[in-house]
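> This is the structure, below, for whatever I ask next.
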Amino acid sequence: MSTTAKASDHVKPCNIEQSERHNRRDADYIASLNPRTLYVRTELSHNNESYVVPDLKGVTLQQHYDAIKAMVKQKTGRAMQEKKVTVIGKNGKPKERNGSSPIRESVVNIKPDTTMADLQKYTEKVRKKWGVRAIQIHIHKDEGHYTNPDDPSTWQPNLHAHIIWDWMNHETGKSFKLGKKDMEELQDMAAETLEMERGKRKSETGAEHLERNDYIIQKQEEEKKKNQVDIEKQKKEIADMAQASILDKLLHSGLSPAVRKAIEEERTIHKEELRQATTAVDENGYPYVWTSGNKKDQPVTWEELAKVREKEKKKAEIQAKEDKDAALAKAKADKEAAVAKAKAEAKAEHDAELAEMKKVHAGLIDKERYATNEKGNTIYWSGGSKDGQKVTKDERIKWLGDQLKESEEANNALCERLKDLRELIFAACSLNFKKVVQIIVDQWKAGLRQFTKDLKDFLLKAMSVEKTTEGRKTYVNDAFDFAKMLAKTDPDLKLDEKKLKPLKEEALKIADGTWESYHQKRDQLFDAAVIALVEMGNCQNQRHLNQKQANTIEAFLAFDGGDRIQLCEEIWNVASPKVNYYWRDGTFDALEELRTRELNHRTYGNGRGL
C-alpha cells in the first residue's frame, strides 16, 4: 500500500565522491548495495533525469570544490577551513565531516508528475531569496524499498530528487548563512512550488530526519509488525471456525429425522444462495457458463471469471507487445531505408557539387594564370614562335615592363629636350615673371590655397605691366602654365594639378581686383564661424550645434568652397583655445557632425542633447 509523499527538502553537506557515484548510478556502486534492502531498480533507471548548469558541464564536483577553495583564498586572503571533525550523526553513530561545507546536497520529495522545469523553478526561487545556487539536479524514479524483501510485489517507490547546491557567496568568499526560520521557509517554498502538502514541522513532531538506508529499514520493520498482526488475526478466525464446526456436529448428533430433514433443507437453500452469490453474471443478470472442457455447461464463479479475464489481459498485453515490436521493427527498417536513400541522394548531390567546383576551380586557375585585356578577354600571341598561344600573366608583366622601360627612356629624352626649350623660353621672360612663377611653384609645393598679403601685393605689382583686366588674367594664365611646365619637366617635382586650381582662382581675383573684398568677406564669415563654435562649446547644456550655429559655419564653408576637412581644421585651430578644457572633446565631436553632414539628419531644437 503506497502513501502520498509530503513536501520535504533535507539539506546536508555533500559527500562529493558518494554523491557522484550515487547520481551517476555507477555499476560498482549498484553492486555494493545490500540485496535485502536494495533500493535501486536498474530496470527503472531510464526514467531518471539529470541537469547540470551550462557553465559547469564536464566539471566534476571535486574540481568545482577546488575552484571554490581558490576563490575563498583570493577573496578573503585565508585558506578555506577543511580540517575534518568527528560529529555524532542523526542515527547516533559517529562520522567525519569537513570543517567547511561549500557544496551541499538536499533530497526533495516529488510527485510522479513532477518535472525538471518544476525543480528549476524552485531552485531559482531559492537563489533569488538567499543567493544559494543549484548546480546539479537529479530526478530518481528507480529508488524505493520492499515492505517484504522476499516478495517483489511489495515494492514501494521513493520518488525524489537530489539537488547539489553551491553554498558560497562568490563576491565575498564566505558561505551563505541560513537560520532555522530560513530552513522552515525553504520547506514552505518547496511545498508551494512543487504543489505538494507541507510536511509537519520538526518543532511540532520532534522527529529527526532519517538517512536513506535507515528510512528503508524503519519502513520494513513497520510493515513486518503490521503483517504479524494480520497473521495472528487470521489464525484466530481459523480457530473460531474450527470450534464452530465441532459444536455444529455435537448439536446435530442424535436429532430426529424431521429435525435433520429441516436442517438439510435449510442447508440446501443456503447452498443455492451461496451458488447464486458466487456465480458470475453479465450486466443483464445472465450467468456465465463454461462452453468447453471438463466443466462444460457448468456455471463460472466470479473467481474463475477473474482468472480468465486476467489470462485474456496478459494475452492481450503479449499481443500488444508483439504488435509494438513489429511496428518498431518496421519503423526501424523504414528509417534505415530512408537514411540510406538520403545518404545516396546526399552523395550524388555532393559529387555533382564537387564536379562543378572542379570545373570552376579549373576556370579560376586558367583565369589566374593567363592575362586578359580590359574587357576580360584572354590575350593571345600574334606572330613569332608562340603565335596563337595564350599569353600568361608573367609573360604579360615582362612585356609591359619592357614597354614601360622603353616609354620611360623616351620620356626622359623628351624631358631633356623640353628642359632646353623651357630654359630658352624662360630666359626671354622678365625677372618679375620668373619670380611670379617661382612663387606659384613654392605655394603649390607647400599645399597652400591662398597668397599672403605681401605676396598678393608683389603679384599685383608684377602683373601691373598689363593695363587691362583681361591682360592681367592672361598674365596669370601664362604664369600658371609655365609653372605646370616646370613641374612636368622636373622629375623631382611630382605635384597634383588639382591642388593648383584654388591657387589659380586666388591669383585671378588679384588680377580682376576682387581679392580684397573676397578676403574681407571670408574673414568676416570665418570669425562668425569661430564665434558660433566657441559659443556652443562653452554652453554646458549643449551637446550639438543648434540650427543658427550650424548655419553660420555652413555659410563660411559654402563661401570658401574648399575642402571641408581643411576648412573645419582651420576653424578648430582658432576656436579650441577659447573653449573650456573639459568641454573641448564634445565641441570637436559637434564640429565633426557638421563636417560629415550627420547634422543634416537631425531635428534641431535649442541645441540641447537630442
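The values are calculated or read from the model by the stated rules, or taken from the named source; none is laboratory data. For clarity, every value in this text was computed on a predicted model and none was experimentally measured. Ideal geometry is used to build each Cβ from the backbone, glycine not excepted, and the neighbour counts take in all protein chains shown. Areas reflect the complete protein model, heavy atoms only, side chains present, ligands, DNA and RNA absent. Shrake-Rupley method; radii C 1.70, N 1.55, O 1.52, S 1.80 Å.
> Students often get this wrong, so check it: of 488/509; 434/501; 435/484; 57/121, which have C-alpha atoms separated by over 22 Å? Don't skip to the end; give the middle numbers.
Numbers: 488/509 26 Å; 434/501 20 Å; 435/484 15 Å; 57/121 20 Å.
In this structure, 488/509 exceed 22 Å between Cα atoms.
> Next question, about the same structure. Between residue 101 and residue 127, what length comes free when the chain is fully extended (0.36 nm per residue of separation minus the Cα-Cα distance, one decimal in nm)?
Here the answer is 7.6 nm.
> Stick to the Cα atoms of segment 286-417, pair each with every other, and give me the Kirkwood hydrodynamic radius in Å at one decimal.
Working: mean 1/r = 0.0406 Å⁻¹.
Computed over Cα pairs of segment 286-417, the Kirkwood hydrodynamic radius comes out at 24.6 Å.
> I've got another one for you. Hand me the GluC sites (Glu not before Pro) from segment 310-391 located in a DSSP loop with no more than 13 other Cβ atoms within 10 Å, in residue order please.
Values: sites: 310, 312, 317, 322, 336, 345, 349, 353, 356, 368, 374; in loops: 374.
Answer in residue order: 374.
> Sticking with this one: Stretch residue 377-residue 229 to full length: gain in nm at 0.36 nm per residue minus the Cα-Cα span? Let's see the in-between values first.
Details: separation 148, 0.36 × 148 = 53.28 nm, distance 10.62 nm.
Fully extending the segment from residue 377 to residue 229 adds 42.7 nm.
> What's the FRET efficiency of residue 461 with residue 596 using the Cβ-Cβ distance as r and R₀ = 51 Å, to the nearest 0.05?
On the way: r = 43 Å, r/R0 = 0.84.
So the FRET efficiency works out to roughly 0.75.
> Carbon and sulfur: what percent of segment 284-355's accessible surface (1.4 Å probe)?
Working: 3710 of 6280 Å².
That share works out to 59 percent.
> Sticking with this one: Using the beta-carbon distance between residue 57 and residue 342 and R0 = 41 Å, what value does 1/(1 + (r/R0)^6) give for FRET efficiency, to the nearest 0.05? Can you show the working numbers first?
On the way: r = 31 Å, r/R0 = 0.75.
Efficiency, from the Cβ-Cβ distance: 0.85.
> Oh, and also: First measure r as the distance between the Cβ atoms of residue 75 and residue 117, then evaluate 1/(1 + (r/R0)^6) with R0 = 41 Å and state the FRET efficiency to the nearest 0.05. Present the calculation step by step, with values, prior to reporting the outcome.
Values: r = 33 Å, r/R0 = 0.82.
After rounding to 0.05, the efficiency reads 0.75.
> Quick check on my link table: of 6/307; 405/499; 456/521, which ones sit more than 27 Å apart, alpha carbon to alpha carbon? Show your work: numbers first, answer last.
Numbers: 6/307 37 Å; 405/499 29 Å; 456/521 17 Å.
Violating the 27 Å Cα-Cα cut-off are 6/307; 405/499.
> When the Kirkwood radius is taken over all Cα pairs of segment 432-562, what Stokes-Einstein diffusion coefficient follows at 25 °C and 0.890 mPa s, in µm²/s?
147
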